[in-house]
Each structure stands twice: as C-alpha cells, then as structure tokens.
Amino acid sequence: MKIRRLPVGAVALSLFAVVLSGLLWWAGTPARAAFAPTIALIPVSGIVTGQPESVKFSGQAQVSSELVLDTSKFNLPPAVILTVDLSGVSGTGSSTGAKYVAGGNGTNVYRRLVSADTVEITFPFTRGTTMSVSSAGLASVRSGVLTFALSFDMNTGAITKGTANIASPAFPY
C-alpha cells in the first residue's frame with residue numbers, strides 16, 4: 001500500500017491563503033469619506049542654524065487635508081491625511097546671501113482628527129534653486145524641522161487655521 005503525501009509548500013501556501021482571507025473578511029476595508037481634499041496655504045518662517053551658514057526660510061507651505069472615515073469592524077475615530085508641499089518655501093544664507101531650496105514635497109502624515117494639532121516634519125534643503133544633489137554629493141544636503149500648529153473643522157477635516165515655524169533639528173549627541 002502506497003501513502004500519498006502532499007508537498008509541504010502546497011500545504012503552507014493553502015494555509016496562508018485561508019488565514020489571509022479570514023483576516024481580510026474580519027477587518028473589512030476602511031473607506032474614505034466622500035469629502036474632497038482641501039488645501040490651505042500656511043505662512044512659514046524660521047532659521048536653521050549650522051555650517052556652512054545659517055539659513056533664513058520664508059514662504060508658504062501648501063497643506064492638503066483629506067478626511068478619512070473607517071467603516072470597518074475596527075470603527076477607528078476619524079482621521080486626516082495631510083500632504084505637505086514646500087515648493088513655495090525658500091531660504092537665504094545669512095553670510096553669503098545664497099539661495100536655498102526646501103525639499104520633501106509630497107510628505108504624507110496620517111493623524112487622528114482633533115480640533116487642534118501640532119505636526120512636526122523633518123525636511124531636506126540644499127543650496128541652489130532646485131532640490132538636487134550637486135557635485136558635492138549628499139554632504140551638501142541639510143535638514144530642517146517644520147512645526148505646524150493646525151486647527152481643523154471636525155465635520156470635514158479641512159484646515160481652518162494654521163501657522164508654521166522652521167528651526168534646526170535637535171539631534172542627540
């Protein structure tokens with residue numbers, strides 16, 4: 001009498017498919033609200049200190065806010081997806097007067113919806129008029145920290161008020 005064995009790989013793959021199907025059924029799919037993203041222009045200013053020179057930034061950040069509602073079995077509280085565009089923010093070197101450009105456009109941040117929130121992101125910047133790595137390489141790219149103080153409409157997730165400040169990163173030593 002011959003005993004027929006199933007390959008271990010086939011059994012493992014089948015088990016994985018069953019478990020994954022069960023998790024997807026149980027979790028459901030979170031749905032986004034029918035609200036279109038809203039865009040706010042937020043004034044930005046501040047100074048990043050460091051070598052080879054301090055850089056004073058100013059301009060407007062464009063922040064898109066999209067309301068997200070969870071209709072799955074988890075029933076999570078409402079949230080917003082913030083997309084930050086810093087293409088309207090530029091800097092000037094304190095000693096040379098050189099132009100600097102901020103990068104990190106399209107940075108996404110997922111936050112629970114509250115009436116007022118503080119959001120902090122780190123962004124790269126470099127000397128020049130376009131965000132690129134020059135012949136000096138990555139050593140020419142520096143970092144700044146952008147802190148937003150935002151107020152939201154609790155029904156739509158739209159930003160109703162915002163301010164922003166740029167500062168130097170506080171790296172631990």
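The values are calculated or read from the model by the stated rules, or taken from the named source; none is laboratory data. From a predicted model like this one, the values you see are computed outputs, not experimental measurements. Glycine also receives a Cβ, built like all others from the backbone with ideal geometry; neighbour counts cover every protein chain displayed. Side chains included, ligands, DNA and RNA excluded: accessible areas come from the protein's heavy atoms. Shrake-Rupley method; radii C 1.70, N 1.55, O 1.52, S 1.80 Å.
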> Which one of these is under 20 Å from Phe171 (Cα atoms) and surrounded by fewer than 19 Cβ atoms within 10 Å (Cβ to Cβ): Ser58, Ser54?
Replying inline: Ser54
>> Taking the conditions exactly as written (more than 23 Å from Ser45 (Cβ to Cβ) and charged (D, E, K, R)), does Asp85 satisfy them or not?
In response: no
> How many residues are within 21 Å of Lys56 (Cα to Cα), open to solvent by 60 Å² or more (accessible area, probe 1.4 Å) and modelled with pLDDT of 95 or more if we restrict to region 125-165?
Replying inline: 2
